[in-house]
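Take a look at the structure below.
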Amino acid sequence: GEDVEQSLFLSVREGDSSVINCTYTDSSSTYLYWYKQEPGAGLQLLTYIFSNMDMKQDQRLTVLLNKKDKHLSLRIADTQTGDSAIYFCAGEYIFGTGTRLKVLA
Amino acid sequence: DTEVTQTPKHLVMGMTNKKSLKCEQHMGHRAMYWYKQKAKKPPELMFVYSYEKLSINESVPSRFSPECPNSSLLNLHLHALQPEDSALYLCASSPTPGTAPTGYTFGSGTRLTIV
């Protein structure tokens, strides 16, 4: 089956940039997504990238896609304490293992 | 209305009980999904309904029985569950099946505990 892997944990200081990485094995998904999940809640779509794009910028969020290496990343600029959550990359139907982002004040 | 509503938010049931989880959306979405999420794990796909018909069943045990009575409603009927079925059950919807720029809209989930 498809594997979508992320690093488990990332800790950054408020105001710094955060970079969350994702590697996948199946490249058939037309769109790739980043979702945010806060404790006890459902998942919230943050942004997406079309599979034939390399980069997409959406306010504080920058998504980079390297199709050759099957690598997706999410950069959050000027990270705030409200950004503390679990972040999942996702393709069609499948989610990555999730990265817990902790923002230190 | 841009939400997916799930009820109940919490459910505790015994292994011999029968209960149902409900999910509702009024966004005109024609694909609806059930996911199971264990603690500190990603959501795992259980079922996909496309235009009110079951299109994907990810080899889910028959003690979970999905139902889509109409394009706005999705139910998950539970019977004779096991303790390992305790999890957060998430419902999601999308305008069409598969991938699209809109991604999925998720409900806040039902926290299910089997005792």
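Observations, loosely collected:
- The spread of Cα positions in chain B, taken along each principal axis and listed from longest to shortest, comes to 39, 26, 24 Å.
- Across the stretch B:95-107, computed HN-Hα scalar couplings (Karplus, 6.51 cos²θ - 1.76 cosθ + 1.60, θ = phi - 60°) run x, 9, x, x, 9, 7, x, 6, x, 9, 9, 9, x Hz from first to last residue, x flagging Gly and Pro.
- Take chain B and mark each of the trypsin sites (Lys or Arg not before Pro) that is in a DSSP loop with at most 11 other Cβ atoms within 10 Å; the longest unmarked stretch, sites excluded, is B:41-115.
- By the Cβ-Cβ criterion of under 4.7 Å, the unpaired cysteines of the protein assembly as shown are B:C68.
- For the stretch A:39-105, the per residue solvent-accessible surface stands at 49 Å², with DNA, RNA and ligands left out and a 1.4 Å probe.
- Checking every one of the chymotrypsin sites (Phe, Trp or Tyr not before Pro) in the stretch B:6-115 against DSSP loop status and a limit of 13 other Cβ atoms within 10 Å picks out B:Y51.
- Only Lys, Arg (+1) and Asp, Glu (-1) charged, at Cβ; the protein assembly as shown dipole about Cα centre in debye: 380
- Using a 1.4 Å probe over protein heavy atoms, the accessible area lost on pairing A with B, summed over both chains, comes to approximately 1600 Å².
- With all protein chains in place and a 1.4 Å probe, the accessible surface of the protein assembly as shown carries 50 percent carbon and sulfur.
- Choice from A:A77, A:A41, A:A90 showing the highest fluctuation, given a GNM over chain A with Cα pairs closer than 10 Å: A:A41
- Gaussian network model of chain B, springs between alpha carbon atoms under 10 Å - residue of B:E44, B:E84, B:E52 with greatest fluctuation: B:E84
- Spin-label zone in the stretch B:1-37 - amide nitrogen under 20 Å from a point set 7 Å from the Cα of B:N70 along the C-beta vector: B:1-8, B:21-33
- Two-decimal log10 I(q)/I(0) for chain A, as the Debye equation yields it once each C-alpha is a single scatterer, q = 0.11, 0.24 Å⁻¹: -0.30, -1.38
- For chain A, a crude dipole built from +1 on the beta carbon of Lys and Arg and -1 on the beta carbon of Asp and Glu, taken about the Cα centre, is about 160 debye to the nearest 20.
- Pairwise FRET efficiency - B:T102 versus B:M15, Cβ, R0 = 45 Å, nearest 0.05: 0.70
- Of A:Y48, A:H71, A:L10, farthest towards positive along the dipole that unit charges on Lys, Arg, Asp, Glu beta carbons give chain A: A:L10
- The loop-placed GluC sites (Glu not before Pro) in the stretch A:1-58, going by DSSP, that have at most 16 neighbouring Cβ atoms within 10 Å of their Cβ come out as A:E2, A:E14.
- Threshold 40 Å², the stretch B:89-103 residues less accessible with all protein chains present than alone (1.4 Å probe): B:T99, B:P101
- A DSSP coil position with no more than 12 other Cβ atoms inside 10 Å describes the following trypsin sites (Lys or Arg not before Pro) in the stretch A:27-105: A:K68.
- Positive-end ranking of B:H79, B:Y104, B:L90 along the dipole of the protein assembly as shown, with charges on Cβ about the Cα centre, is headed by B:H79.
- Too-long pairs where the Cα-Cα distance tops 32 Å, listed order kept, from A:K70/B:K9; B:K19/B:K40; B:K9/B:K53: A:K70/B:K9
The values are calculated or read from the model by the stated rules, or taken from the named source; none is laboratory data. All figures in this text were calculated on a predicted structure; none of them were measured in a lab. Note that each Cβ is placed from the backbone with ideal geometry, even for glycine, and that neighbours are counted across all protein chains shown. To get the accessible areas, we keep the full protein, side chains included, count just its heavy atoms, and leave off ligands, DNA and RNA. Shrake-Rupley method; radii C 1.70, N 1.55, O 1.52, S 1.80 Å.
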